[in-house]
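A.B. asks: I'd like to ask some things about the structure below.
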Amino acid sequence: MCGIIGYKGGKKSSAILLEGIKNLEYRGYDSVGIATIYDGKIELKKDVGRVDEVNKKLNFLELNGFIGIGHTRWSTHGKPSKENAHPHISNDYSIAVVHNGIIENYNELRKELENEGFKFKSETDTEVIPLLIEKYNKKNDFEKAVIKALRRLEGSFAVIIINKDIDKLIAARRFSPLMLGVGKDEFFIASDSTAFIKHTNDIVFMEDDEMVIIDDGFKIVNITDNKIIDKKIEHNRINYYSAEKGNYRHFMLKEIHEQPRVVENTINYFIKNNSLLHNYKNFNRILIVACGTSYYAGLIGKFLIESIVRIPVEVDYSSEFRYKDPIINNTDLVIAISQSGETADTIAAAKEAKNKKAKLIAICNVFGSSLTRMADTTLYTQAGTEIGVASTKAFTSQLAVLYLFSLHLAKINKLMNEKEINKKIKLMKKLPLQMKKILSNNKIKEISEKNFLSNNSVFLGRGVNYPVALEGALKLKEISYIHAEGSPAAELKHGHIALIEKDMPVVVIAVKDKTYYKIKSNIEEIKSRGGKIISIVNEEDEEIENISDEVIEVPETDLLLYPFLTVIPMQLIAYYTGLCRNCDIDKPRNLAKSVTVE
Ligand code: F6R
C-alpha cells in the first residue's frame, strides 16, 4: 500500500511533505521518511513509527530545500525497520526513490546488481530501483536512465525520484495510483490528492506507464515508446473535508456521527442529478464486485435490486472474480463498489469485466481514482473524505446509492409508478433523523463495555440484515481484535453454535420482518447455551427484550432500509469495545485503508 508524495516549488519542501504524508498516513503507518535536495546533496531522515512519533524524534523540518519526496509505509517486503523505510538511496548517494507497489522480479534484479558490485542496505523490493537507475545513469541523460530502469520492473509501481544533480522531480506509475497537483509555480505528485488538495484543486491523473518530468513546468512521456503525451488538467469537484477530528476523539467516531448528513447529501445529490442514472436501462443480469465492507454493501445491493427490480444479481469478492474466468458478456452490467477506487483487486475485477465487454458502473467516493477512470459511469457517494481506516460512512452512502439505483431501474422498467417511488424516497428521507436517534443512545457505550469481555463473539441477522451482521463482525475484529463470526441466524445450528459458551456476546438483529419469529427461536437456542444476547430490535419490542440480556432500539422503517439503521449499533459497539481495550482505533494493527496490492 504505502503513501508517496513529491514536491517542487518555492516553499520549504519538508513542511509540505510532512503535511502530505500525514494526510496519506491512512495508506500505511509502520514507518516514514523524507528526502530533500539541498546544497547539491540529498538530506534524508527516516525511521519506524507513526508520522508524529518519528517527526518528534527526528524533526523533519530540519531538512532544507525546495524539492523533495516523502513516504509512509505499509510493509510488504521486509519488516518495519529504519533500513527498510523509504526513501531508498543509490550507492553513490545521488538518487533517492519512494515507491508504492510490489516489484515482482526484485530477486532476479537484486542478484544481477549484487553481481555487478552494488550493495543493498535493506530487505525491500524497492531498493533495486535507485540502484538500477544508478547503473544506467552513466551518460548524463538521467531521464533515459530512469526509463531504462523502469522498463526492467515487473509488478506494480508508483515511484517518485530525485537526483541531487538535477533540479527535477521525476515520477511514474504502473498499476499503482499517482496524480500530479498543479499549483501556482509549484507542483505536487502523490498517491492521492488528499496529500495536496489544500494547495491545489487542479489535477493531472497519471495513467499506467506514464512518467512525468517536473521542472518549471511538466512533461509527460510514455515509458514504453517515449512518446510525449498531452494531458488535460482536471478540476477536483469533490469537497475537501478537513482532516481534523473536531470535538471527536477519533476519526472513526466522527465519521460514524457524520452518517445522517452523508446519507442526506447522497439522496439530495442523486435526486438533483438524476440524469447520472439514465444510461442504464435493461440488463439481463447484474454482477457486483467489491472487497471488505464494500462487498457487504454489495450483498445488501443484491437484496435491494432483486427485491425491487427482479433482475438476478451476483456478488463476488473482487479477488475471486478475476481468477474464476467469469461468465459475462455485453448484456451484463457490472457494478464495482469501492470507497477508495484504488483497491487493486477491485480494479483488476473491473478490468476483467471491461475486457469481456460488460458495462461498468463504479460506486466510488474518491474523485478521479483509478476505478472511476475505467468505469463507463461513476456514481459518486457523497461521503466526503473517509480517514478512519475502518469504513463507516462510506458504507451507508454506498447503500444510499444502491437503493436509489434500484428505484431508478424499477422506474424505467415500469415496476413502480412515480407515486410509489416518491413514497419510498419519503421513507428514505426520514433515515437521517432516525440515524441521529440511534447515535444519541448512550446505552450502546455501556453495553459494549459490559458485555464484550470474551475473546469470541457472534453476529447474526437474516435477509437484508444478514450482511449487516457480517459487517458488525468485521468492524469488531478490526477495531477491538476480538474474534467475531458473522452468520445468517438460521445457519447457526449448522456449525457456529458449537462456539457458544457462557457469557459469549451474541449480537442479533431482530427487527420486525418476516423472519422475526424464526430469529426469536434462534435467540432461545443461544440463550439456553449460556450466550449473552444483545438484540437490535424495534422500539418497544418487549417480546425480544424479555429473552435478551440487552436491547438496542432502532426506529421502524421500510424492510429494505433497515441496514442503514441496524449497522449503526454495530459500528458503535466496535468503537466502544476497541476504546475500552485501548486499541488504536483509527489505525488498527496490520491494516491500511487503501489496499493497492493484490
Ligand atoms: C473495513 C474496510 C475494508 C475496505 C476494503 C475495500 O472497515 O475498510 O474492508 O472496505 O479494503 O476498500 P475500498 O472500498 O476502498 O475498495
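The values are calculated or read from the model by the stated rules, or taken from the named source; none is laboratory data. Predicted model only: the values in this text are computed from it and were never measured. Ideal geometry is used to build each Cβ from the backbone, glycine not excepted, and the neighbour counts take in all protein chains shown. Note: areas computed on protein heavy atoms with side chains; ligands, DNA, RNA excluded. Shrake-Rupley method; radii C 1.70, N 1.55, O 1.52, S 1.80 Å.
A.B. asks: When every alpha-carbon pair in the chain is counted, what percent end up more than 31 Å apart? Show your work: numbers first, answer last.
C.D. replies: Numbers: 92175 of 178503 pairs.
The calculated P(r) of the chain puts 52 percent of pairs beyond 31 Å.
A.B. asks: Could you work out how far the C-alpha centroid of region 16-68 sits from that of region 161-204, in angstrom?
C.D. replies: 16
A.B. asks: If you average 1/r across every pair of different Cα atoms in region 3-236 and take the reciprocal, what Kirkwood value do you get, in Å? Working shown, then result.
C.D. replies: Details: mean 1/r = 0.0583 Å⁻¹.
One over the average 1/r among Cα pairs gives 17.2 Å for region 3-236.
A.B. asks: Considering only protein heavy atoms, what per residue accessible area in square angstrom results for the chain with a 1.4 angstrom probe?
C.D. replies: Working: 23870 Å² over 598 residues.
Per-residue accessible area for the chain comes out at 40 Å².
A.B. asks: Next question, about the same structure. Short version: ³J(HN,Hα) in whole Hz for each residue of region 471-480, in order, from phi by Karplus 6.51 cos²θ - 1.76 cosθ + 1.60 (θ = phi - 60°), x for Gly and Pro, what are they?
C.D. replies: Running phi through 6.51 cos²θ - 1.76 cosθ + 1.60 with θ = phi - 60° gives 5, x, 5, 4, 4, 5, 4, 4, 8, 10 Hz.
A.B. asks: While we're on this one: Just report the Cα centroid separation between region 394-460 and region 302-325, whole Å.
C.D. replies: Cα centroid to Cα centroid, the span is 20 Å.
A.B. asks: Rounded to a whole number, what % of the accessible area of region 244-429 do carbon and sulfur atoms account for, probe 1.4 Å? Before the final figure, lay out the partial values.
C.D. replies: On the way: 3460 of 7310 Å².
C and S fraction of accessible area: 47 percent.
A.B. asks: Take Phe251, Phe60, Phe303 and sort them by solvent-accessible surface of the protein heavy atoms, 1.4 Å probe, largest at the top. Can you show the working numbers first?
C.D. replies: Values: Phe251 25, Phe60 0, Phe303 75 Å².
In descending accessible area the options line up as Phe303, Phe251, Phe60.
A.B. asks: Here's a follow-up. Over 28 Å between C-alpha atoms is what I'm after, so list which of Lys8/Lys232; Lys437/Lys532; Lys475/Lys532; Lys359/Lys429; Lys144/Lys324; Lys45/Lys231 land there.
C.D. replies: The pairs that break the limit, which is 28 Å between Cα atoms, are Lys359/Lys429; Lys144/Lys324; Lys45/Lys231.
A.B. asks: If you roll a 1.4 Å probe over region 19-141 with all protein chains in place, what percent of the accessible area is carbon or sulfur? Walk me through the numbers on the way to the answer.
C.D. replies: Values: 2370 of 5140 Å².
Solvent-exposed carbon and sulfur of region 19-141 make up 46 percent of the total.
A.B. asks: Can you give the Rg to Rh ratio of region 439-584, both from alpha-carbon atoms, with Rh computed by the Kirkwood formula? Each step should come with its number before you reach the end.
C.D. replies: Details: Rg = 13.6 Å, Rh = 14.7 Å.
Using Cα coordinates only, the ratio equals 0.92.
A.B. asks: In sequence order, what are the phi-derived ³J(HN,Hα) couplings for region 297-304 according to the Karplus relation 6.51 cos²θ - 1.76 cosθ + 1.60 with θ = phi - 60°, rounded to whole Hz, with x for glycine and proline?
C.D. replies: Listing the rounded values in order: 4, x, 4, 5, x, 4, 4, 5 Hz.
A.B. asks: Taking 1 over the mean of 1/r across every pair of different Cα atoms in region 289-424, what Kirkwood radius in Å do you get? Don't skip to the answer; put the middle values down first.
C.D. replies: Details: mean 1/r = 0.0665 Å⁻¹.
In region 289-424 this quantity evaluates to 15.0 Å.
A.B. asks: Mind checking the full-extension length gain between Tyr248 and Asp584? Use 0.36 nm per residue of separation minus the Cα-Cα distance, one decimal, nm. Write out the running numbers ahead of the final one.
C.D. replies: Values: separation 336, 0.36 × 336 = 120.96 nm, distance 1.46 nm.
Using 0.36 nm per residue and subtracting the Cα-Cα distance, I get 119.5 nm.
A.B. asks: Given labels modelled 7 Å from the Cα in the Cβ direction, how far is it in nm from Arg310 to Asn107?
C.D. replies: That separation, rounded to one decimal, is 5.6 nm.
A.B. asks: While we're here: Expressed as an acute angle from 0 to 90° and rounded to the nearest 10, what is the orientation of the C-alpha long axis of helix 13-23 relative to the principal long axis of the chain?
C.D. replies: It is inclined by approximately 20 degrees.
A.B. asks: Another question about this same structure. Using only the alpha-carbon atoms of region 436-495 as identical scatterers, what base-10 log of I(q)/I(0) does the Debye formula give at q = 0.18, 0.21, 0.27 Å⁻¹?
C.D. replies: Reported log10 I(q)/I(0), two decimals: -0.72, -0.92, -1.13.
A.B. asks: How large is the helix-only mean residue ellipticity at 222 nm for the chain, computed as the sum of -39500 (n - 2.57) over DSSP H runs with n ≥ 4, divided by its residue count, in deg cm²/dmol to the nearest 500? All intermediate terms of the calculation are to be shown ahead of the outcome.
C.D. replies: Numbers: 18 runs with 211 residues, N = 598.
After summing the helix terms and dividing by the residues of the chain, the value is -11000 deg cm²/dmol.
A.B. asks: Further question: Give me the extension gain from Glu542 to Arg261: residue separation times 0.36 nm, minus the current Cα-Cα distance, reported in nm with one decimal.
C.D. replies: Working: separation 281, 0.36 × 281 = 101.16 nm, distance 3.13 nm.
Length gained, Glu542 through Arg261: 98.0 nm.
A.B. asks: Can I ask one more? Roughly speaking, what is the stretch gain from Asn268 to Lys41, that is 0.36 nm per residue apart minus the C-alpha to C-alpha distance, in nm to one decimal? Could the numbers behind the result be given before it?
C.D. replies: Values: separation 227, 0.36 × 227 = 81.72 nm, distance 5.35 nm.
Taking Asn268 through Lys41 to full extension adds about 76.4 nm, to one decimal.
A.B. asks: Show which lysines lie in cross-link reach of Lys514 when reach means a straight Cα distance below 20 angstrom and same-chain residues fewer than eight apart are skipped.
C.D. replies: The qualifying lysines are Lys302, Lys424, Lys493.
A.B. asks: Let me ask another. Within the accessible area of region 439-584, what % is carbon and sulfur when the probe is 1.4 Å and the other protein chains stay in place? Show your work: numbers first, answer last.
C.D. replies: On the way: 2520 of 5650 Å².
After summing per-atom areas, the C and S share lands at 45 percent.
A.B. asks: Under a 5 Å amide H to amide H cut-off, with H placed in plane at 1.01 Å, what residues pair with Glu314 once short-range neighbours are removed?
C.D. replies: Correct list: Ile286, Leu287, Ile288.
A.B. asks: In debye to the nearest 20, how big a dipole does the chain give about its Cα centre with +1 on each Lys and Arg Cβ and -1 on each Asp and Glu Cβ?
C.D. replies: About 880 debye.
A.B. asks: Another one. So what are the ³J(HN,Hα) numbers for region 541-556, from phi and the Karplus equation (6.51, -1.76, 1.60; θ = phi - 60°), rounded to whole Hz, Gly and Pro as x?
C.D. replies: 8, 6, 4, 6, 4, 5, 10, 10, 7, 9, 10, 10, 8, 10, x, 6
A.B. asks: Here's a follow-up. Cα extents of region 134-260 along the three principal axes, largest first, in whole Å?
C.D. replies: 58, 31, 26
A.B. asks: Work out, in µm²/s and without decimals, the Stokes-Einstein translational diffusion coefficient of region 340-419 at 4 °C, 1.567 mPa s, Rh from Kirkwood over C-alpha pairs.
C.D. replies: Numbers: Rh = 13.9 Å.
Stokes-Einstein gives a translational diffusion coefficient of 93 µm²/s.
A.B. asks: So how many Å³ per residue does the convex hull of the Cα atoms of region 1-82 work out to?
C.D. replies: Values: hull volume 6.5 nm³, N = 82.
Hull volume normalised by residue count: 79 Å³.
A.B. asks: Taking amide H positions as placed 1.01 Å from N in the peptide plane, with prolines and chain starts having none, which residues 5 or more places from Phe459, or on another chain, fall under 5 Å of its amide H?
C.D. replies: When sequence neighbours closer than 5 places are left aside, the close amide H contacts are Glu485, Gly486, Ser487, Val507.
A.B. asks: Still on this structure: Once amide H atoms are built 1.01 Å from N in the peptide plane, which residues 5 or more positions from Val554, or in another chain, come under 5 Å H to H?
C.D. replies: Amide H to amide H, under 5 Å and 5 or more residues apart or across chains, Val554 pairs with Val537, Asn538, Glu539.
A.B. asks: So, one more: Viscosity 0.890 mPa s, temperature 25 °C: what is the translational diffusion coefficient of region 385-491 from Stokes-Einstein with a Kirkwood Rh over Cα pairs, rounded to a whole number of µm²/s?
C.D. replies: Values: Rh = 16.4 Å.
The Stokes-Einstein estimate is 149 µm²/s.
A.B. asks: Let me ask something else about it. Sorted by mean Cβ packing within 10 Å, highest first, what order do the peptides 98-110, 568-580 take? Don't jump to the answer; show the numbers that get you there.
C.D. replies: Numbers: 98-110: 21.4, 568-580: 25.3.
Highest to lowest by the protection proxy: 568-580, 98-110.
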